[in-house]
Amino acid sequence: MPSDAEMLSVTDLRVAFGRTEVLHGVDLTVGHGERVAVVGQSGSGKSTLVAAILGLLPGTGHVTGGSIRLGGDELTRRTEKAWRGLRGEGIGLVPQDPMTNLNPAMRVGAQIADALVAAGLRGAAVEKRVMELLTEAGIPEAEHRAGQYPHEFSGGMRQRVLIAMALAREPKLLIADEPTSALDVTVQRRILDHLETLVAAHGTSLLFVTHDLGLAAERADRVVVMHDGGIVETGPAARLLRDPQHDYTRRLIEASPSLDREGSSPSRRDGTDPILVVEDLVKEFRLRGRRGGTFRAVDQASFSVERGTTTAVVGESGSGKSTIAKMILGLETPTSGTARIDGRSIAGASRAERADLRRRVQPVFQDPYSSLDPTFTVAQLVAEPLHIHRVGDRRDRRGRVRELLDQVALPESVAGRRPSELSGGQRQRVAIARALALDPELVICDEAVSALDVLVQDQILTLLADLQRDLGLSYLFITHDLAVVRQIAHRVVVMHKGRVVEHDTVDQIFTAPTSAYTAELLEAIPGAALAG
């Protein structure tokens, strides 16, 4: 039986999919008003544990043993009708991806209102409470914003909407499942600060699920480490980081990127052989609506990438990072200014020149699951650029696919699989192999590791560094994670509101930033306790 101090008590929980057990006797408690973080790599069982607590195990998933109690009430034997009354009021959920968890065809205010109507609220009280929740969640001009659709909100604002929805019925327990993994560090800090304020004001218990051990250490009272469907270690955050007892916990700490870890950044390279030169680049978008006008997404941006080196572009959401990448890839046309590969303008290139430039510049995107065709096999995905550019015959392409899979450390046996049959790290390796198919000179990595857990992230960053050394690749590495920048980059471009506010070597940026905005980014990095 749980003690009076426990809001949630999970005892010897066992979960199976079909006949395969995936959770092996999990024990977990969350006290009244306590903040508990569950950490572990992809496949460790975190999401299965959350689904079991919410009574939302998919497919053939079912609880085979153990107990889940909320405030003393047993949950494992509840009917679906009983569950519907508990979700929202007893347990609230802030999911990971707001774009897939908000209805794109419904106005934001109407989606929050649905949760309130389900709780029995009616009439003018619903609209009043919607405004209160949006305001509490830190969304300005709540009355105006309630009438907008999710695509009209930034990533951080969409996450605030999900927080408002999760707290609408004042749940006893709030589960935040990777709520900030896709957000830049400054927005992440504001979102988590606000979430903590709201949780404290409502006296809500918080179960925080994340793959970021630094974030867990900074935000939780207690940290629970999961691995292979079981809990391998638990304890106060400071003690666990200072004196980890389990080898897996030590591996997580060692793999976590650190701002201060000595020797973590690549060796400095100086040169005057730029493969990419960006000069006074401007991109304006025409605004729709009654007011019209334009929005300047990129404003007079200038920088270069030296051959065989990595230049990182950092900044918060909306700073113009991805827009610059699209212009370099020829997917957007600059309003003014130029981007040149080996002296050749991308925007002014002829059709034949553009085809050649696309062979020399290749992208690796953030989410390989959405950027890889799910109906293609791995072999078809990797060979597709060769087909498009008519490189080699069928036999040559098969040989090239085998060579590329070997370069990214994937076994030949994955060639016949589809993306859904691979792990996140394997899918990203396929995306990298595909990008390398045409022997590019410049690879643009747009948030290529931001959705990966720290162990897989460390493997992919090591792979990218090895490929750079072996193939002489140049990288433009777009990210919001400065700790990753310290590990992989030679030079750093800091962007804010479309402008380059700082451009220097990685050592200079991290030890003596000249921009107040850069200093703010550095201060916002979670998990300072992991440094050193």
Checklist line | From the options 474, 450, residue that is out of contact with any helix residue (DSSP H, G or I) (no Cβ under 6 Å at 6 or more places or on another chain), modelled with pLDDT of 90 or more and of a type in the set (Ser, Thr, Tyr) | finding: 474
Margin query: If I filter the stretch 146-157 for residues that are among the charged types (D, E, K, R) and either in contact (Cβ under 8 Å) with a residue 12 or more places away in the chain or within 21 Å of residue 176 (Cα to Cα) (or both), do I get at least one hit?
Written below: no
Notebook entry, point to check: Since residue 113 meets every condition but one in (1) surrounded by fewer than 23 Cβ atoms within 10 Å (Cβ to Cβ); (2) in contact with a Lys or Arg (Cβ under 7 Å, 6 or more places away or on another chain); (3) not β-branched (Val, Ile, Thr), which condition does it not meet?
Noted result: (2)
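To keep it simple, each residue is scored yes or no on (1) charged (D, E, K, R); (2) over 12 Å from residue 8 (Cα atoms); (3) part of a strand (DSSP E or B).
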{"site": "43", "(1), (2), (3)": "no, yes, no"}
{"site": "63", "(1), (2), (3)": "no, yes, yes"}
{"site": "81", "(1), (2), (3)": "yes, yes, no"}
{"site": "99", "(1), (2), (3)": "no, yes, no"}
Next item on the list: Working only within the stretch 121-137, note down all residues that are free of Cβ contacts under 8 Å to residues at least 40 places away in the same chain and part of a helix (DSSP H, G or I).
Entry: 124, 125, 126, 127, 128, 129, 130, 131, 132, 133, 134, 135
Item checked: Criterion (part of a loop (DSSP other than H, G, I, E, B) and in contact with a Ser or Thr (Cβ under 9 Å, 6 or more places away or on another chain)) met by exactly one of 57, 8 -> 57
Notebook entry, point to check: Restricting the search to the stretch 480-516, which residues are more than 18 Å from residue 303 (Cα to Cα) and either touching a His at 6+ places or on another chain (Cβ under 9 Å) or polar (S, T, N, Q) (or both)?
Noted result: 487, 511
Check: Hey, any hits in the stretch 198-210 for a residue that's surrounded by 22 or more Cβ atoms within 10 Å (Cβ to Cβ), over 21 Å from the mean Cα position of the chain (by Cα) and among the small types (Gly, Ala, Ser)?
Finding: yes
Note to self: Go through the stretch 454-513 and report how many residues are assigned to a helix (DSSP H, G or I), among the basic types (Lys, Arg) and surrounded by fewer than 20 Cβ atoms within 10 Å (Cβ to Cβ).
What the structure shows: 1
Margin query: Can you go through 197, 204 and tell me which one is of a type in the set (Ser, Thr, Tyr), more than 26 Å from residue 461 (Cα to Cα) and touching a residue at least 24 places away in the same chain (Cβ under 8 Å)?
Written below: 204
Notebook entry, point to check: If you go through the stretch 80-120 one residue at a time, how many are among the acidic types (Asp, Glu), under 25 Å from residue 7 (Cβ atoms) and free of Cβ contacts under 8 Å to residues at least 60 places away in the same chain?
Noted result: 1
Note to self: Checking the conditions here, which among 360, 395, 390 is within 26 Å of residue 280 (Cα to Cα) and at pLDDT below 95?
What the structure shows: 360
Item checked: Condition met for residue 185 (touching a His at 6+ places or on another chain (Cβ under 8 Å), of a type in the set (A, V, I, L, M, F, W, C), at negative phi and free of Cβ contacts under 8 Å to residues at least 40 places away in the same chain) -> no
Checklist line | Hits in the stretch 216-257 - residues which are within 29 Å of residue 88 (Cα to Cα), of a type outside the set (Asp, Glu) and out of contact with any Phe, Trp or Tyr (no Cβ under 8 Å at 6 or more places or on another chain) | finding: 217, 222, 223, 224, 226, 229, 230, 231, 234, 235, 236, 237
Notebook entry, point to check: Do we have any residue at all in the stretch 465-483 that's without any contact (Cβ under 8 Å) to a residue 60 or more places away in the chain and hydroxyl-bearing (Ser, Thr, Tyr)?
Noted result: no
Checklist line | Residue that is nearest to the chain's Cα centre (by Cα) [pool: residues in the stretch 1-42 that are closer than 17 Å to residue 248 by Cβ, crowded, with 18+ Cβ neighbours inside 10 Å and of a type outside the set (A, V, I, L, M)] | finding: 41
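The values are calculated or read from the model by the stated rules, or taken from the named source; none is laboratory data. This structure is a prediction, so every number in the text was calculated from the model and none was measured. Positions of Cβ are generated from backbone atoms using ideal geometry, with glycine treated the same way; all protein chains shown enter the neighbour counts.
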